[in-house]
Amino acid sequence: MRFDDNRINMFRDVRAMTVGDLVTITISMDDKAIVGNSTDRSRDSKVHTKWQYLAAFLPGFLGGGPVNATGNFENEIDSTTSTQGQGSINRREQIKLSVAGMVTAILPNGNLVVQGSQEFRINYEMRVLTIAGIVRQRDISKDNTVAYDKIAEARISYGGRGRLMEVQQPALGQQLYDLAWPF
């Protein structure tokens, strides 16, 4: 019987260690966020001006009264602004997935750069999951899995395209109207 390096060695550690090795990344999120925001702003300003000499040439300028007997011109400007705004976010997401990732690089300190992607079609929807980040070798378990929360600089993207996504978006005419209408 001949020994082959490509065969599984029962004494070898099966955890990912070199470029090209695979690791299973488990994603189990139960995320909830509630954010509220309220702003209230107001400002009052009042300007009273009194001009001399020039008043004889500009009666009634800027809503001012007529020139009085002393040749003075007086006007007042009142301004009041007020702004109120409220917003809130209440969302909850649950995701439980596993994806196979590949070691794409080994950093000088021994950490592994991993990257994985998975696409699957459900009815007329294409769902896409991508993940990338940096993993310490010691965070990879004996069964060659690592949890997403052990990945530094994790970039996780989960989304899709298809009929359901199209229905959830406003119609194209409504989107154009929203862009053009300033109020």
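For this structure, a couple of remarks:
- Residue in region 102-121 that is free of Cβ contacts under 8 Å to residues at least 40 places away in the same chain, among the charged types (D, E, K, R) and open to solvent by 50 Å² or more (accessible area, probe 1.4 Å) present: yes
- Identity of the residue in region 133-153, aliphatic (A, V, I, L, M) and within 23 Å of the chain's Cα centre (by Cα), that ends up surrounded by the most Cβ atoms within 10 Å (Cβ to Cβ): 151
- Taken together, 26, 49 contain a single residue that is at pLDDT 55 or above, within 30 Å of residue 155 (Cα to Cα) and surrounded by 10 or more Cβ atoms within 10 Å (Cβ to Cβ), which is 26.
- Filter result for the condition that a residue is at pLDDT below 75, open to solvent by 80 Å² or more (accessible area, probe 1.4 Å) and more than 19 Å from residue 134 (Cβ to Cβ), over 69, 55: 69
- Looking across region 164-178, the residues that are modelled with pLDDT under 65 and not β-branched (Val, Ile, Thr) come down to 164, 165, 166, 168.
- Per-region count, region 92-141, residues over 17 Å from residue 157 (Cβ atoms) and charged (D, E, K, R): 5
- Against the list (1) in contact with a helix residue (DSSP H, G or I) (Cβ under 7 Å, 6 or more places away or on another chain); (2) crowded, with 16+ Cβ neighbours inside 10 Å, the condition residue 125 fails is (2).
- Some residue of region 126-139 being touching a residue at least 12 places away in the same chain (Cβ under 8 Å) and over 22 Å from residue 28 (Cβ atoms): yes
The values are calculated or read from the model by the stated rules, or taken from the named source; none is laboratory data. Remember, predicted model here, so these are calculated numbers, not experimental data. Virtual Cβ from ideal backbone geometry, glycine too; neighbours counted across all protein chains shown. When the accessible area is computed, the model is the full protein with side chains, heavy atoms only, and any ligands, DNA or RNA have been set aside. Shrake-Rupley method; radii C 1.70, N 1.55, O 1.52, S 1.80 Å.
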